[in-house]
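S.K.: Mind looking over this structure? Questions follow.
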Amino acid sequence: MSDSNALGREQWGSRLGFILAAAGSAIGLGNIWRFPYLVGKNGGAAFVLIYLLITVFIGLPVMMAEFAIGRAAQKSPVVAFKAIGATPCWSVIGWMGTLAGGFLTLSFYNVVGGWTIKYMIESLGGLLPLAADGKSGDFFNAFVSNPYGVVFFQVTFMALTMLVVLGGIGKGIERACKVVMPALFVILIILIFRSLTLPGAEVGVSFYLKPDLSKLTGETFLDALGQSFFSLSLGLGIMITYGSYLGKEEHLPSSAVWTASLDTLIALLAGLAIFPAVFAMGLEPGQGAGLSFVTLPAVFAKMPAGGKFFSFLFFLLLFFAAITSSMSLMEVSTAFGIEKFKWERKKAVCVMGTIIVLLGVPSALSLGGAPTIAGKAFFDAVEYLCNNVFLPLGSFLACLFVGWVWLPGAREELTNQGKLPFPWLNAWVWCIRVVAPAAIAYIFVTGLKW
Ligand code: PFF
């Protein structure tokens, strides 16, 4: 956001800068940590297939809708709907997104962000020798059961996020993403190469890429839907905010296609780095949230040379990917404090950051055994609520709004007042009015299971 428009509102410096920043928010722990563990939990390739279908037919159209709302309104989510002439009830989308994204999602996101810092440090210390002895699981369990350790790293990650948001996101995000994203890509390619060349890797490849449709359940669809929205940063108003800083001349559909494609590519590559190695080492792919943190150290430990270095580099990049996403989430609550309570940025970051840290502490502690909510670890409960309830709900309401209330306005935005072609316009209208809301409602009702 180094430029500004005629009204003095900040804008992205370039199209590439915007796409990489949107991809920076989208690409994060969701791609490298969460996507593979959901694939493992849901039986492999069948989940990948459903995930891709949902991303193309639901996620991508919703992203275009969010970009359109943001750019038309040139405002953040809580006030955007009013700015484009919607009746006040639609502002609930902005409110819900702000509370669920700016606070709840970030509260558990920063816990895992903290793990990446711990793992970065331990990559150079005792992690790999333990992993080489098959003890990376014990290491992980010992770490998450130590209350001081997890909270310390959670607070550290959050403090770093706050520091960046304090200085403004403009050039920082745009510039960081231009360096970090290509680097992440290169590291993943190296890891994939290593993973695929391990003896026995082909079992993992077929688990990951050959669908067995008998493994599909209602929960698979809900997990895939929640993950698609989480990974694309949808349903919480982030893409409305990012779209609001876009110039009027940009072609929204192609920006959305680029952002979603980069995001999906990185998720698919992360799986390809992880599953062949998991199977080659006879490990269990369905173990849940610990997958990347337990399995990848074992992969690095097996590297003939440079294991420590690659392990450090991987967790460093995971940390960068995580922080570009957490900054986008932190910016939501910060902007809310500034707009709603007229606070200065500094005060907004400090107050909101403190609330988010406190909200995150029970999550940080819960993987060590307590606290729980109705039988689920606090962390899992908050994550489930955000990803399987609030994200789909926010997106569902956005579809209803754009498809049935504001369609002419959205059409204008997506075609730049008819000046730019969008050959898929009719298909998009169909998706946003019928396919996406019907699928979200169906999956939501049938798959919701605590
Ligand atoms: N998309 C991010 C990831 O995949 O890690 C997480 C995220 C960021 C979710 C921003 C939602 C959001 F609004």
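The values are calculated or read from the model by the stated rules, or taken from the named source; none is laboratory data. These numbers come from a predicted model, not from an experiment. Here Cβ is always computed from backbone atoms with ideal geometry, including for glycine, and neighbour counts include all displayed protein chains.
S.K.: State the number of residues belonging to region 399-439 that are surrounded by 16 or more Cβ atoms within 10 Å (Cβ to Cβ), under 19 Å from Ser255 (Cβ atoms) and charged (D, E, K, R).
M.R.: Matching residues across region 399-439 total 2.
S.K.: Let me ask something else. Would you check which residues across region 315-337 are more than 10 Å from the ligand (Cβ to nearest atom), closer than 17 Å to Val111 by Cβ and among the hydroxyl-bearing types (Ser, Thr, Tyr) and list them?
M.R.: Result: Ser333, single match.
S.K.: Could you list, in sequence order, all residues of region 6-33 that are part of a loop (DSSP other than H, G, I, E, B) and away from the ligand (no atom under 16 Å from the Cβ)?
M.R.: Answer for region 6-33, where residues must be part of a loop (DSSP other than H, G, I, E, B) and away from the ligand (no atom under 16 Å from the Cβ): Ala6, Leu7, Gly8, Arg9, Trp12, Gly13, Ser14.
Results for (1) at pLDDT 90 or above; (2) surrounded by 22 or more Cβ atoms within 10 Å (Cβ to Cβ); (3) among the charged types (D, E, K, R); (4) in contact with a His (Cβ under 6 Å, 6 or more places away or on another chain), shown as yes or no for each residue.
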{"residue": "Ala6", "(1), (2), (3), (4)": "no, no, no, no"}
{"residue": "Ala21", "(1), (2), (3), (4)": "no, yes, no, no"}
{"residue": "Phe47", "(1), (2), (3), (4)": "yes, yes, no, no"}
{"residue": "Leu53", "(1), (2), (3), (4)": "yes, no, no, no"}
{"residue": "Met63", "(1), (2), (3), (4)": "yes, yes, no, no"}
{"residue": "Gly85", "(1), (2), (3), (4)": "yes, no, no, no"}
{"residue": "Ser107", "(1), (2), (3), (4)": "yes, yes, no, no"}
{"residue": "Asn110", "(1), (2), (3), (4)": "yes, yes, no, no"}
{"residue": "Thr116", "(1), (2), (3), (4)": "yes, yes, no, no"}
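S.K.: Assess whether Thr220 counts as being part of a helix (DSSP H, G or I), farther than 15 Å from Leu20 by Cβ and away from the ligand (no atom under 11 Å from the Cβ).
M.R.: yes
S.K.: Among the residues of region 324-338, are any surrounded by fewer than 20 Cβ atoms within 10 Å (Cβ to Cβ), out of contact with any strand residue (DSSP E or B) (no Cβ under 6 Å at 6 or more places or on another chain) and not small (Gly, Ala, Ser)?
M.R.: Yes: one or more hits.
S.K.: Here is a follow-up. Suppose the filter is closer than 23 Å to Trp33 by Cα, charged (D, E, K, R) and surrounded by fewer than 24 Cβ atoms within 10 Å (Cβ to Cβ); does Lys342 pass it?
M.R.: The answer is no for Lys342.
S.K.: I'd like the full set of residues that are under 23 Å from Gly134 (Cβ atoms) and hydroxyl-bearing (Ser, Thr, Tyr), limited to region 250-303.
M.R.: Ser292, Thr295
S.K.: Can we say Pro36 is at negative phi and within 15 Å of the ligand (Cβ to nearest atom)?
M.R.: So Pro36 passes the test.
S.K.: Return yes or no: is Ala289 among the small types (Gly, Ala, Ser), within 16 Å of the ligand (Cβ to nearest atom) and within 30 Å of Trp95 (Cα to Cα)?
M.R.: Here the answer is yes, as Ala289 does meet what is asked.
Here is a yes/no grid of residues against (1) within 26 Å of Trp95 (Cβ to Cβ); (2) more than 22 Å from the chain's Cα centre (by Cα); (3) not acidic (Asp, Glu):
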site	(1), (2), (3)
Leu391	yes, no, yes
Ala398	yes, no, yes
Val402	yes, yes, yes
Pro423	no, yes, yes
Asn426	no, yes, yes
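S.K.: Let me ask something else. Enumerate the pairs (first residue in region 127-142 and modelled with pLDDT of 90 or more; second residue anywhere and part of a loop (DSSP other than H, G, I, E, B) and of a type in the set (D, E, K, R)) with beta-carbon separation below 9 Å, excluding pairs fewer than 6 apart on the same chain, so at least 6 apart or on different chains.
M.R.: Close Cβ pairs satisfying both conditions: Pro129/Lys135.
S.K.: Pick out the one residue from Leu191, Leu234, Leu225 that is surrounded by 15 or more Cβ atoms within 10 Å (Cβ to Cβ), within 16 Å of the ligand (Cβ to nearest atom) and part of a helix (DSSP H, G or I).
M.R.: The match here is Leu225.
S.K.: What are the residues in region 194-217 that are closer than 12 Å to Val48 by Cβ and outside any helix (DSSP H, G or I), if any?
M.R.: Those that are closer than 12 Å to Val48 by Cβ and outside any helix (DSSP H, G or I): Lys210, Pro211, Asp212, Leu216.
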